[in-house]
Amino acid sequence: MTGPAVVVGGSGGIGWALVETLLAEGKHAPVFVLSRQRPANWRDDPRLVWLAVDLLDEASLATAAGEIRASGEPSLILVATGVLQTGDLVPEKSMRALDLDRLTRIFQINAVGPALVAKHLLPLTPRDRRSVLAVLSARVGSIGDNQLGGWYGYRASKAALNMLLRTLAIEHRRTRPMGLCVALHPGTVETTLSAPFPTTAPGKVRLTPGRSARALLGVLGKLGPEANGGFYAWDGQPIAW
Ligand SMILES: NC(=O)c1ccc[n+]([C@@H]2O[C@H](COP(=O)([O-])OP(=O)(O)OC[C@H]3O[C@@H](n4cnc5c(N)ncnc54)[C@H](OP(=O)(O)O)[C@@H]3O)[C@@H](O)[C@H]2O)c1
């Protein structure tokens, strides 16, 4: 047993699948699930602990960190939060749709929130053994991969998340030589987030949340120390920044 694991955004499609996969693997206990509301699929399991956290309420993160610290040093922290479309937040097709309030909100949720999670949870990780913090980014946040344009806020907020992650990774390594911080692309996954955007490209795979979660945990299990600060897809391939 390698101690506690934490899944932030456990109420989401991929987040809950990560929780289920961790329980099935049985390597971590307890599994802390952090989300604004208790996940809809919640079930009674003595290994599961739910903590109410809103990414945009730093006090809730500090309280959760205190609860986690009391049960041991987490060696796995997965951040599966994020937003693409909600309410009046809609992916922009044109520069005409750029809006100060909407851009600010998507940056807060997709980039600032996960960085605040890292601020509060990375100091809890062990100094004397391997640990992993992985944030779910998105391939469309790759600047080098951007051939299509559009989705300004989502793309830019994920690019900002990637830079925050890379910078956190460098600082974290100074005190945790075996600590890894990485960004992951989970694939195109059948969740609430992707539902409004059916894939039409020929040959493009659409993963179930379970398949994505198992693949992501498989990738994390294989990464060596040199992977710190990197950006990887669900199939293990590195992604250009
Ligand atoms: N699905 C895909 O095809 C795909 C592709 C590439 C990347 N991703 C990335 O993978 C991650 C997970 O996506 P998903 O498909 O699982 O989406 P999802 O089902 O919509 O889940 C999103 C999660 O983010 C949480 N969240 C949003 N705002 C929050 C806040 N202020 N505080 C706390 N939690 C908040 C949601 O919690 P609430 O329930 O409280 O709203 C939910 O748990 C995201 O970062 C997404 O960008 C997904």
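The numbers here are math on the coordinates, done by the rules we state, and not lab data. No experiment lies behind these values; they were computed from the predicted model shown. Neighbour counts run over all protein chains shown; Cβ positions are idealised from the backbone, glycine included.
Before anything else, pin down the relative contact order of region 5-233: Cα pairs under 8 Å, at least 6 apart, normalised by residue count, whole percent. It comes to 20 percent, rounded to a whole number.
Bridgeable aspartates and glutamates around Lys27 (alpha carbons under 17 Å apart, same-chain partners fewer than 8 residues away excluded): Asp45, Glu73.
For Thr188, the residues whose modelled amide H falls within less than 5 Å of its own, excluding neighbours fewer than 5 places apart on the same chain, are Leu207. Between the alpha-carbon centres of region 99-118 and region 3-61 there is a gap of 21 Å.
Computed 3J(HN,Hα) for region 175-190, one whole-Hz value per residue from the Karplus formula 6.51 cos²θ - 1.76 cosθ + 1.60 where θ = phi - 60°, is 10, 10, x, 9, x, 10, 10, 9, 9, 10, 9, x, x, 8, 10, 6, glycine and proline marked x. Expressed as a fraction of 2.2 N^0.38 Å, the value expected for a compact globular protein of N residues, the C-alpha radius of gyration of region 50-181 is 1.14.
Rounded to the nearest Hz, the phi-derived 3J(HN,Hα) couplings of region 151-165 under the Karplus curve 6.51 cos²θ - 1.76 cosθ + 1.60 (θ = phi - 60°) are 6, 3, x, 5, 4, 5, 5, 6, 5, 5, 4, 4, 5, 4, 4, where x marks glycine and proline. Spin-label pair Glu58-Lys222: with each label point 7 Å from Cα along the Cα-Cβ axis, the two points sit 3.9 nm from one another. Here is the list for region 162-219: trypsin sites (Lys or Arg not before Pro) lying in DSSP coil, each with at most 16 other C-beta atoms within 10 angstrom of its C-beta, are Lys204. Just checking the listed ones, Thr167, Thr192, Thr86: in the Gaussian network model of the chain with Cα springs under 10 Å, the one fluctuating most is Thr86.
Springs join every pair of Cα atoms under 10 Å in this Gaussian network model of the chain, and among Leu161, Leu223, Leu133 the largest mean-square fluctuation is at Leu223. By the helix-only formula, in which each DSSP H run with n ≥ 4 contributes -39500 (n - 2.57) and the sum is divided by residues, the chain has a 222 nm mean residue ellipticity of -10500 deg cm²/dmol.
Looking at region 5-233, what % of its DSSP beta bridges pair antiparallel, to the nearest 5? Of the beta bridges lying entirely in region 5-233, close to 5 percent run antiparallel.
Entry note, region 1-83: relative contact order of 40 percent, from Cα contacts under 8 Å with a spacing of 6+ residues. The GNM of the chain, with springs linking C-alpha atoms under 10 angstrom apart, assigns the highest mean-square fluctuation among Ala227, Ala62, Ala201 to Ala201.
Candidate cross-link partners of Lys93 among the lysines, defined by an alpha-carbon separation under 29 Å and a same-chain spacing of 8 or more, comprise Lys158, Lys204.
When peptides 32-38, 138-144 are sorted by average Cβ neighbour count within 10 Å, with the highest value leading, the order is 32-38, 138-144. In the chain, the inverse of the mean reciprocal separation of distinct Cα atoms equals 17.9 Å; this is its Kirkwood hydrodynamic radius. For Lys222, the aspartates and glutamates whose Cα comes closer than 16 Å to its Cα, not counting residues fewer than 8 places off in the same chain, are Glu25, Asp235.
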